[in-house]
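Here the structure comes first, spelled out in structure tokens, and everything after it is commentary.
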Amino acid sequence: MADRSPASQIITLAARECLEPLGLTQRGRSRLWVDDHGWWLGVVEFTPSRTVGSGLHVGAMWLWHDVDHLAFHIDAVRVGPEPFRTENQFTRFAFDLGRQAAANVTALKERFPSLPDAARDITSRPVRRGFLQDGFDAGVASALAGDPGTARHHFEKVLREEPLAPWMVDSQEKTRELHAMAADRDAVAAWVTRAVGSRRSKLGLEPVPLAIS
């Protein structure tokens, strides 16, 4: 059920004013907004707090992870929640959040205009031990960018991790498949196209041609 509290209504008004002009769409009547780039999404969440109010989380999500929920694979900004005290106080705060969200969404668009740009960004960041998706993302991006040596290097890091949960086993199975085809960019592109198409369907997003070159 949608939250129709005064705080959420004000957040919605602020988000519509700040984010709709940039092409973002609201997920139903939730506090989630998405900026659709085909193979990745900008995600904005006006995070609920334990009290009535809101915070902010903006980031990017790679759609080659074939799951059925929104996620943050790259963080752009997090703002801690502020409670609703008065309508005037919270309206000022909500519109400030909306402007911060818009600025960070714009920064993400400029940061990831193409797959090669994303690949350079992803592979430049240190992979955190225990965070399989970091190495997986770096491997996928490198393979799509035509750098199989770097792709295999990152995939092998993923495969060296101890699989402590079923999702990790599944991730390593996909990694082995991609490691074997890393030198065949067309094969990797076809794999990614299938994964992205599946995820878009699960998220209720329209199918689109993928510009992964």
The condition from (1) modelled with pLDDT under 90; (2) open to solvent by 40 Å² or more (accessible area, probe 1.4 Å) that SER49 misses is numbered (2)
Where residues in the stretch 193-210 are more than 16 Å from MET61 (Cα to Cα) and touching a residue at least 60 places away in the same chain (Cβ under 8 Å), which of them is most open to solvent (accessible area, probe 1.4 Å)? PRO209
The stretch 123-134, subset assigned to a helix (DSSP H, G or I) and in contact (Cβ under 8 Å) with a residue 24 or more places away in the chain, residue least open to solvent (accessible area, probe 1.4 Å): LEU132
Hits in the stretch 135-178 - residues which are over 21 Å from THR193 (Cβ atoms) and part of a loop (DSSP other than H, G, I, E, B): GLU161, GLU162, PRO163, LEU164, ALA165
Pairs, please: C-beta under 9 Å, at least 6 apart or cross-chain, first residue over 19 Å from ALA107 (Cβ atoms) and assigned to a strand (DSSP E or B) and in the stretch 54-65, second open to solvent by 10 Å² or more (accessible area, probe 1.4 Å) and acidic (Asp, Glu)? SER54/GLU82
Among VAL196, VAL169, which is under 24 Å from LEU41 (Cα atoms) and of a type in the set (A, V, I, L, M, F, W, C)? VAL196
Being among the small types (Gly, Ala, Ser) and either without any contact (Cβ under 8 Å) to a residue 24 or more places away in the chain or assigned to a strand (DSSP E or B) (or both) is the filter here, so list the residues in the stretch 92-113 that pass it. ALA103
Please find, within the stretch 142-192, the residue that is least open to solvent (accessible area, probe 1.4 Å) out of those that are among the aromatic types (Phe, Trp, Tyr) and under 20 Å from ARG128 (Cβ atoms). PHE155
Would you point out which residue out of ALA138, ALA187, ALA180 is among the aliphatic types (A, V, I, L, M), free of Cβ contacts under 8 Å to residues at least 24 places away in the same chain and within 14 Å of TRP62 (Cα to Cα)? ALA138
Do we find that GLY42 is part of a strand (DSSP E or B) and surrounded by 15 or more Cβ atoms within 10 Å (Cβ to Cβ) in this structure? yes
Do any residues in the stretch 73-91 that are at negative phi have Cβ atoms under 7 Å from those of residues that are of a type in the set (Val, Ile, Thr) and not in a strand (DSSP E or B), where the two are at least six apart or on different chains, and which pairs are they? PRO81/THR47; PRO83/THR51; PRO83/VAL52; PHE84/VAL52; PHE90/ILE10; THR91/ILE10
Look through the stretch 63-99, keep the residues that are within 18 Å of SER30 (Cα to Cα) and within 12 Å of the chain's Cα centre (by Cα), and return whichever of them is least open to solvent (accessible area, probe 1.4 Å). ALA71
Just the residues that are out of contact with any Leu (no Cβ under 9 Å at 6 or more places or on another chain) and either part of a strand (DSSP E or B) or open to solvent by less than 50 Å² (accessible area, probe 1.4 Å) (or both), please, taken from the stretch 24-39. LEU24, SER30, ARG31
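The values are calculated or read from the model by the stated rules, or taken from the named source; none is laboratory data. Because the structure is a prediction, the values reported are computed rather than measured. Glycine gets a Cβ as well: all are built from the backbone with ideal geometry, and neighbour counts include every protein chain shown. Heads up: the accessible areas ignore ligands, DNA and RNA and are worked out on the full protein's heavy atoms, side chains in. Shrake-Rupley method; radii C 1.70, N 1.55, O 1.52, S 1.80 Å.
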